[in-house]
1. So what is the calculated 222 nm ellipticity per residue for chain B, using -39500 (n - 2.57) for each DSSP H run with n of 4 or more, over all residues, to the nearest 500 deg cm²/dmol?
2. Using the Kirkwood formula over every pair of different C-alpha atoms, what hydrodynamic radius in Å results for region B:107-274?
3. I need the calculated FRET efficiency for the pair A:His301 and B:Lys272, taking r as the beta carbon distance and R₀ as 45 Å, to the nearest 0.05.
4. 222 nm [θ] for chain A, helices only, -39500 (n - 2.57) per DSSP H run of 4+, per residue, to 500?
5. Once phi is turned into ³J(HN,Hα) by the Karplus curve 6.51 cos²θ - 1.76 cosθ + 1.60 with θ = phi - 60°, what whole-Hz value does each residue of region A:195-201 show in order, with x for glycine and proline?
6. Tell me the volume per residue, in Å³, of the convex hull enclosing the alpha carbons of region B:84-188.
7. Taking region A:142-176, which trypsin sites (Lys or Arg not before Pro) meet the DSSP loop condition and have no more than 13 other C-beta atoms within 10 Å?
8. What ratio of Cα Rg to 2.2 N^0.38 Å holds for the protein assembly as shown?
Amino acid sequence: MMNRLAINIAGLELSNPTMLAAGILGISGLTLSRVAKAGAGAIVTKSLGLQPRAGYPNPTIVQVESGLVNAMGLPNPGIEHFTQEIKFTRSVAPLIISIYAFSTDEFAIAAQKAVKIGADALELNVSCPHAKKTGADIGQDPKLLEEVVKATKRSVKKPVFVKLTPNVDSIVRSAKTAEKAGADALTAINTVKAMVIDIETAKPILSNKIGGLSGSALKPIAVRCVYEIFDAVDIPIVGCGGISTWQDAVEFLQAGASAIQIGTAIAQKGLNIFTQVNEGIEAFLEKKGFHSVKEIIGLSHKSK
Amino acid sequence: MSTITQKINFLRIVEIEKIVRESPTVKTFFFADELSAQGKPGQFIMVWIPGYDEVPMSISSTCSDDLVSITVANVGEATRIMHKQEAGGILGIRGPFGNSFSPVKGKALLVGGGTGIAPLVFLAAELAKLKTKLTFLLGAKTKEELIFLSYIKAIISRTKGKINAATEDGSFGHKGVVTELVETTLAKEKFDKIYACGREPMLYKIFELSNMHKISLQMSLERIIRCAIGLCGSCTIGKYRVCADGPVFTSNQLQEVVNEFGKLKRDFNGTKISV
Ligand SMILES: Cc1cc2nc3c(=O)[nH]c(=O)nc-3n(C[C@H](O)[C@H](O)[C@H](O)COP(=O)(O)OP(=O)(O)OC[C@H]3O[C@@H](n4cnc5c(N)ncnc54)[C@H](O)[C@@H]3O)c2cc1C
Ligand SMILES: Cc1cc2nc3c(=O)[nH]c(=O)nc-3n(C[C@H](O)[C@H](O)[C@H](O)COP(=O)(O)O)c2cc1C
Ligand code: FES
């Protein structure tokens, strides 16, 4: 029987369009493999750098009404250390290694190392809103973004996904820049820059004061970003931001995403969320008479 | 839409109502919080010391009037600042998080080392309500560091149970480590369940002993906690997350992660280091 949910994105064969979002349970190979076994069509690691990084002190996460604000500060053991983890993720699902770096050259080196240890594809974190001189500091500068994507593309043959920040005047411009520089796919979006102050003590709660908003509050922003980008580029888009049900996932697909990523919702729904979303999409396709998930990608643009 | 997970994860500012000194290095802090007061033995809360750090602490007691306690050893910066606080001081808390010990009827062996005694005292009070027969083994460096001794004695006498302690310097009870008491106790007696909390080398030894004697086991583990809601991956042991799948694990689960349990943990950047 044909798998309605199967999708090829930038050369990666996914059994379904759900992926784990970067930075969620992505430090341990065994938990990544557990996520794949729970139904994710692809897994993405925590953003890894060339050097180990401890991240920010706690508090690193704050609950708000319809989401979370986090400033973990990219804690990670470094790409080299990840060699020990990657053996546990073999053959469970395509593995995308998320990387961050502080310069064009470093991005190229990090990309080569990530491919060498076994990445099926890379996702460039040029969008983390709370790390200095990397993440969004790169993604918000079109020239730097272009150079980083070009340098990475030159250094590796594996597909390169570029994860975009919504904290810019025009995410469409970032998307076009990344595409022109050679990106194979785009992930939209990373968190929106945010902060929370405790009024009893008049103190910002996060140790880094400023963090990124994720969860359902982000969803309409992310849907809009995917919708706008879809009109402007020809490469596939991975939708991300506040997805917690199959309906959310379908909305992103109809906005123009070829696959979706899930992060924050795992806290409430557990790892079963991947299977739940997949079953929901499948039933929806069947009910509507679609033979493949590909038929609904960008569907909302046709009703203009 | 606000789910239960979201509700317990909201930060609440509480006032410290009472502080009790348990030992030269350990203090118990009492405060009122409706959600934490519904916590079960084994569950933990995240405690924000405004302007400093946020650290995980097991619930050491709950009370019908929403009063809750945590029992804190002074080991580093955050806990040192907590220890300087006085009644009327302020803490930020979220939780309770994680799973809990499942109470057994019949005969239970409880083994606590250091501040690991705290969540077990909470459990002992619950088990006593079920009329479970308790044997409580405690371990600490010195007599002064044996916390909750008289409280445990009171619970034990109600359940006709037993209590025994070990101190490393021999200032009270058996001179040596508490696992030696576990060994001799298990050689003589059968139990329906063993519960343990304390340092990991001690826990590992008890895990081996429980396997040898084929007694089911639950123990509470510690790893670096950041999000406490199962997202960030700081707290993993094998495929499990201590904050969301634990902190209480059974012998079968520990067997699944035996490559790491008692041997490896992750430091703040996620590198595996020895326990
Ligand atoms: C589920 C759980 C329940 C706990 N319950 C208790 C308890 O009831 N009573 C008690 O005294 N202690 C408890 N701890 C340990 C307690 O969290 C640490 O002692 C405390 O975080 C130390 O903070 P510090 O800033 O004073 O010390 P630091 O100098 O910052 O660190 C000293 C050591 O404490 C540990 N630690 C520091 N930060 C964290 C963190 N965010 N998560 C986990 N460990 C950390 C590390 O092992 C570190 O090496 C528990 C830990 C966990 C994981
Ligand atoms: C705790 C946490 C850690 C994150 N770490 C990373 C990271 O390392 N790299 C990255 O590109 N995005 C990171 N993100 C952003 C997510 O990948 C995702 O873009 C964002 O959370 C929106 O999706 P969601 O609402 O489904 O969580 C993190 C998000 C959270 C909540
Ligand atoms: S502390 Fe974040 S997953 Fe457990």
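1. Calculated from helices alone, the mean residue ellipticity at 222 nm is -7000 deg cm²/dmol.
2. Values: mean 1/r = 0.0610 Å⁻¹.
One over the average 1/r among Cα pairs gives 16.4 Å for region B:107-274.
3. Values: r = 47 Å, r/R0 = 1.05.
Plugging the Cβ-Cβ distance into 1/(1 + (r/R0)^6) gives 0.45.
4. Details: 11 runs with 108 residues, N = 304.
Rounded to the nearest 500, the figure is -10500 deg cm²/dmol.
5. 8, 9, 10, 7, 6, 5, 9
6. On the way: hull volume 14.3 nm³, N = 105.
So the per-residue Cα hull volume is 136 Å³.
7. On the way: sites: A:Lys143, A:Lys150, A:Lys153, A:Arg154, A:Lys157, A:Lys163, A:Arg173, A:Lys176; in loops: A:Lys157.
Passing both the DSSP loop test and the Cβ count: A:Lys157.
8. On the way: Rg = 25.4 Å, N = 579, 2.2 N^0.38 = 24.7 Å.
With N residues counted in the protein assembly as shown, Rg over 2.2 N^0.38 Å equals 1.03.
The values are calculated or read from the model by the stated rules, or taken from the named source; none is laboratory data. Bear in mind the structure is a predicted one, so any value in this text is a computation, not a measurement. Every residue, glycine among them, receives a Cβ derived from its backbone with ideal geometry; neighbour counts consider all protein chains shown. Keep in mind that these areas ignore ligands, DNA and RNA; they rest on the heavy atoms of the full protein, side chains included. Shrake-Rupley method; radii C 1.70, N 1.55, O 1.52, S 1.80 Å.
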